[in-house]
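J.: The structure's right below; bear with me while I get my questions together.
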Amino acid sequence: MGKKILVVAVLMLTLLAPNTTGASEAGVDVNPEGDEPFTVIERTTPSVDKETWSLTIEMSQEAHDNGTTFKIVTQICTNDGVCDPPVTMDAEITERLHAVSLSPPSDHSYVNWRVKATDANGNNTNHPHGDWFKTWSSCWYTDGAWGGVDSLSDGGCAENSEETPGFTTIAVVAATTLAIAAISRRKSYQK
């Protein structure tokens, strides 16, 4: 019984270990590459905890002329490997310009964003087609390594260097698992 609980504990810790990478290289922004029906006019990079991150795109003249509409969707992922649900932003629209902004929370790893284009016939296309465009934060943690302009050489972020992302969650899970193991062990001895 004790070995089974140890295996479960190790599996839980492995599943909860921070891992915030998607298909992109850690710390390298993912940007439109020219095949999109819009151009990025302005984008804050890197994104910074609790500071305004802004994105302004300009719809191509062709997309504008054929009645295409845009919705900008964002998603924030944190250094503990958790991503918030995607949010459709209320964009400020001026002719072909679409602008959004948000304030990422403390300890965020990156801001994902994409454009949902709807043509005049109601057909939807996500840009990019696969993953997300991505703006990395000034201090991120992934695959056991810290990075970004605000990361410290010994780990952590300049403004909250005493905190280790995900440590509290992992510690709680480990303590809970050990408590369950101790209770199970006591019950087996009582039999």
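Read-outs: derived from the displayed coordinates by stated rules, not from any lab. Given the structure is predicted, the values throughout are model-derived calculations rather than measurements. With ideal geometry, Cβ positions are generated from the backbone for all residues, glycine too; neighbour counts draw on all protein chains shown.
J.: Using 7 Å Cα-to-Cβ label points, what is the VAL87/THR69 separation (nm, one decimal)?
T.: Here the modelled spin labels are 2.1 nm apart.
J.: For segment 21-160, what is the Kirkwood estimate of the hydrodynamic radius, computed as the reciprocal of the mean inverse distance between distinct Cα atoms, to one decimal in Å? Before the final figure, lay out the partial values.
T.: Numbers: mean 1/r = 0.0637 Å⁻¹.
One over the average 1/r among Cα pairs gives 15.7 Å for segment 21-160.
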